[in-house]
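Worksheet for the structure shown next.
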Amino acid sequence: MTWTELESIKLVFCTGSPKSGTTFLQMILDNHPEVSCPPEHYLYSFLTETLPSVFQSYNKSVEFIDKMTAKQGAPIFTDEDIKEVGKFVIKLAAYKGAKGKEVKWYGIKDDQLTERNGFTLLSELFPEAKFVAIVRDPRSVCVSAWYFNIRLDENWATKIGTKEEWASVYGPIWVRDNTNIINFFKKHSDKIFLCRYEDLVLNPFENYKRIFEFLGVSTDKEVIEEVIDKTSFKKFKDGKFFRKASIDDWKNELSPLAIKEIEKTCGHLMQLLGYKPMYW
């Protein structure tokens, strides 16, 4: 695959705040016959941190060697060169992620895009790209993240404290991530599709269809029903990463104090996204 060939492929970025259903969204995209979207690309930090660091080290090396030799001027890489290499790597990753599947859209799933507010940079690097972002009730995400972190580190809960304390920590994270999504949406509504986790679960056909319409791919009834079948939660539920796919289990998991902590921070944005606060 040459750079000329890679330039022609169209990218769709799949993102959202962690534990908001981004893997679920990725599976929906990847199971459409005209879209590919493999799991977990952490390419935004690679583009903005790792790659520049590599080239900066290289530039320092060749500049040092030049000073120690004929002092003819070292051929160093510029920021624009780094961007071009980064664009190549991202498109190559998307192409390889399709695993030979010929598609209209090559997907990149990267939650860091939302966490680090990379929408503007990526839309400038890839003007043809589109974004599909998912949001979820912060009370549900708080619970999901609680159990996810415990699964990663069984001692995590003793370090963070109670669920009430975690709620006070998590609220600002949810606001940060979803504010980044909303701000980009306000400026570029033609480039980004915003979906809610709850809508995808409760009314999959209509909401899957809206995503596919945004991408301009097939919305045939048979195609959508097959994607729904392949992404059914019952096929993936493992009690760990795919724990419950709950809509309102937070009512049983969180104390009134924890709910109030989340709503105190997230209430305004919750209302904007259609989530009704209980106490706020």
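Between amide H atoms placed 1.01 Å from N, distances below 5 Å from residue 135 occur with 195, 196, 197, all of them 5 or more places distant or on a separate chain.
Net charge dipole, the chain: roughly 420 debye, given to the nearest 20, about the Cα centre with Cβ charges of +1 for Lys and Arg and -1 for Asp and Glu. Taking springs between alpha-carbon atoms closer than 10 angstrom, which of 108, 211, 65 fluctuates most in the Gaussian network model of the chain? Checking each option, the largest mean-square fluctuation is seen for 65. Database remark: amide H of residue 107 closer than 5 angstrom to the amide H of 12, 36, 37 (H placed geometrically; neighbours at sequence offset of 5 or more, or on other chains; Pro and chain starts carry no H). Compactness of region 50-204 was expressed as the Cα radius of gyration divided by 2.2 N^0.38 Å, which yields 1.43. Calculated on the alpha-carbon coordinates, the convex hull of region 3-272 measures out at 161 cubic angstrom per residue.
Restriction of the GluC sites (Glu not before Pro) in region 42-114 to DSSP coil positions whose beta-carbon has at most 12 other beta-carbons within 10 angstrom yields 102. May I ask you to work out the translational diffusion coefficient for region 1-84 at 37 °C, viscosity 0.692 mPa s, via Stokes-Einstein with Rh from the Kirkwood sum over Cα pairs, reported in whole µm²/s? Roughly 201 µm²/s, to the nearest whole number.
For the pair region 80-114 and region 144-165, the centres of their Cα atoms are 33 angstrom apart. In terms of overall dimensions, the C-alpha atoms belonging to region 137-261 reach 49, 38, 25 Å along their principal axes, ordered largest to smallest.
Calculated from DSSP H runs of 4 or more alone, at -39500 (n - 2.57) each and per residue, what is the 222 nm mean residue ellipticity of the chain, nearest 500?
Numbers: 14 runs with 156 residues, N = 280.
Value at 222 nm, helices only: -17000 deg cm²/dmol.
No lab work stands behind these numbers, since they all come straight from the coordinates. Remember, predicted model here, so these are calculated numbers, not experimental data. We place every Cβ from the backbone using ideal geometry, glycine too, and count neighbours over all the protein chains shown.
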